[in-house]
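Contents: one structure, followed by commentary.
The values are calculated or read from the model by the stated rules, or taken from the named source; none is laboratory data. What you are looking at is a predicted structure, and each value in this text was computed from that prediction instead of being measured. Please note: Cβ atoms are built from the backbone with ideal geometry, for glycine as well, and neighbour counts cover all protein chains shown.
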């Protein structure tokens, strides 16, 4: 029986056409983020299982690929709990590894530390179109900056990158977890119920305000609290200035400093951004990760459906490792979603340099072959990308394939013509 030639379920082989687009997008991301002062860094693909299972990753913690202990450490015959056989896990995102990295190297890193991390992550999810068990993530984070300058820089860096990739008319939806909590407190809900309420609120774009009301009622929450809570969303929908409406309503429930900082983020971004996106206050935005403590944001692309990235502030996470909280904020671009959109819309990588193919007839060897290679080397030194390959029997098909890869110039070298 032969070996299985297909990739494992939920993972994929990447063909050259897609790989060219991926490489180009990564180069744009690195170059653009570099101009904003973000420094590339990297963490291992595995982390200690206790770090990944620390109740900071929300639903993702149910999707960890867990790694068995190895060699003499593995005792399957006497194991009674999962901890007896598992010690590592494949990272399910880049934030937990980054915080562990920062906690380990704080004294060696600048403050604030502006990190750029790109790498694969793994989730034992149900595979479907556009959703794989192994996929690339691209994160920028600022650690050690407590002011809203972090949010402003993250939003501008991310939107500038998307603009360079040709995306237009998208939205950055923005909210704050403290606003969400203030609205729940204003409505009379108990603090221990906030997370359940927010889970239901997060479905509003799918089930509508009536659906949210029904779910909260079925969950047994007080009718008056539900009515008061939903009246806020109805009022914001009718208000000329949604943010001003909620600022007034939250007096006594939300610190004035939080209001001022949130408004400053919006005003600063709007004053300096390009015209290819909108910044939108969205009071229904929740974000699922439990580690968010303040501002949260998400990239919405109405033209393509759904979102393709998000992030927020997580000021308490470093303290889980070091015992001392450090302000932190991050933004993640949905790399795989962007690649899918570009490919579905026929994106072509801009030619960075001239591409030429030198096709050599079989039988060309010795000094003649060396002369062809020397000519190719000179062209490369002059800035041309040169592919040197043997001619196939079907030269027409070979040329068509190379043209599809962006080769514009073709030179053919035959044995007879190379004779002295």
Any chance residue 99 is over 17 Å from residue 135 (Cα atoms) and assigned by TED's automatic domain parsing to the domain that holds residue 314: yes
Residues (free of Cβ contacts under 8 Å to residues at least 12 places away in the same chain and assigned to a loop (DSSP other than H, G, I, E, B)) located in region 382-402: 382, 392, 393, 394
Out of (1) surrounded by fewer than 17 Cβ atoms within 10 Å (Cβ to Cβ); (2) in contact (Cβ under 8 Å) with a residue 40 or more places away in the chain; (3) under 21 Å from residue 333 (Cα atoms), the one residue 14 does not meet is (2)
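Tell me, please, whether a residue that is in contact with a strand residue (DSSP E or B) (Cβ under 8 Å, 6 or more places away or on another chain) and in the same structural domain as residue 307 (by TED's automatic domain parsing) can be found in region 177-199.
In the first step, residues of region 177-199 are kept if they are in contact with a strand residue (DSSP E or B) (Cβ under 8 Å, 6 or more places away or on another chain); the result is 177.
From what's left, in the same structural domain as residue 307 (by TED's automatic domain parsing): 177.
Looking for residues that are in contact with a strand residue (DSSP E or B) (Cβ under 8 Å, 6 or more places away or on another chain) and in the same structural domain as residue 307 (by TED's automatic domain parsing), one finds at least one in region 177-199, hence yes.
Conditions tested, residue by residue: (1) without any contact (Cβ under 8 Å) to a residue 12 or more places away in the chain; (2) more than 30 Å from residue 103 (Cα to Cα).
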{"site": "231", "(1), (2)": "yes, yes"}
{"site": "234", "(1), (2)": "no, yes"}
{"site": "275", "(1), (2)": "yes, yes"}
{"site": "282", "(1), (2)": "no, yes"}
{"site": "290", "(1), (2)": "no, no"}
{"site": "293", "(1), (2)": "no, no"}
{"site": "301", "(1), (2)": "no, yes"}
{"site": "310", "(1), (2)": "no, no"}
{"site": "313", "(1), (2)": "no, no"}
Quick check: is even one residue across region 48-56 surrounded by 15 or more Cβ atoms within 10 Å (Cβ to Cβ) and under 19 Å from residue 135 (Cβ atoms)? yes
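Would you call residue 202 touching a residue at least 40 places away in the same chain (Cβ under 8 Å), closer than 21 Å to residue 257 by Cα and surrounded by 15 or more Cβ atoms within 10 Å (Cβ to Cβ)?
Values: touching a residue at least 40 places away in the same chain (Cβ under 8 Å): yes; closer than 21 Å to residue 257 by Cα: no; surrounded by 15 or more Cβ atoms within 10 Å (Cβ to Cβ): yes.
No, not satisfied.
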Which condition number does residue 89 fail, the rest of (1) free of Cβ contacts under 8 Å to residues at least 60 places away in the same chain; (2) in the same structural domain as residue 315 (by TED's automatic domain parsing); (3) closer than 26 Å to residue 341 by Cα being met? (3)
So residue 337 passes all but one of these: (1) assigned by TED's automatic domain parsing to the domain that holds residue 176; (2) in contact with a helix residue (DSSP H, G or I) (Cβ under 6 Å, 6 or more places away or on another chain). Which condition number does it fail? (2)
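Here is a check on your reading of the model: is residue 359 assigned to a helix (DSSP H, G or I) and modelled with pLDDT of 90 or more? So that I can check it myself, show each step before the final result.
Numbers: assigned to a helix (DSSP H, G or I): no; modelled with pLDDT of 90 or more: yes.
In short, no.
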Look through region 323-351, keep the residues that are over 17 Å from the mean Cα position of the chain (by Cα) and assigned to a helix (DSSP H, G or I), and return whichever of them is nearest to residue 403 (Cα to Cα). 343
Could we say that residue 29 is over 26 Å from residue 125 (Cα atoms), surrounded by 15 or more Cβ atoms within 10 Å (Cβ to Cβ) and touching a strand residue (DSSP E or B) at 6+ places or on another chain (Cβ under 7 Å) here? yes
Kindly list the number of the only condition in (1) farther than 30 Å from residue 285 by Cα; (2) part of a loop (DSSP other than H, G, I, E, B) that fails for residue 375. (2)
Qualifying positions in region 93-122 - within 14 Å of the chain's Cα centre (by Cα) and surrounded by fewer than 22 Cβ atoms within 10 Å (Cβ to Cβ): 93, 116, 118, 119, 120, 121, 122
Among the numbered criteria (1) within 13 Å of residue 178 (Cβ to Cβ); (2) touching a helix residue (DSSP H, G or I) at 6+ places or on another chain (Cβ under 9 Å); (3) part of a helix (DSSP H, G or I), which one does residue 292 miss? (3)
When every residue in region 390-405 that is touching a helix residue (DSSP H, G or I) at 6+ places or on another chain (Cβ under 8 Å) and surrounded by fewer than 15 Cβ atoms within 10 Å (Cβ to Cβ) is compared, the one nearest to residue 21 (Cα to Cα) is 405
Output the number of the condition that residue 67 fails; it satisfies all remaining conditions of (1) farther than 19 Å from residue 322 by Cβ; (2) loosely packed, with under 14 Cβ neighbours inside 10 Å. (2)
Checking the structure you have, find out if any residue of region 267-288 is modelled with pLDDT of 90 or more, surrounded by 14 or more Cβ atoms within 10 Å (Cβ to Cβ), under 32 Å from the mean Cα position of the chain (by Cα) and part of a helix (DSSP H, G or I). yes
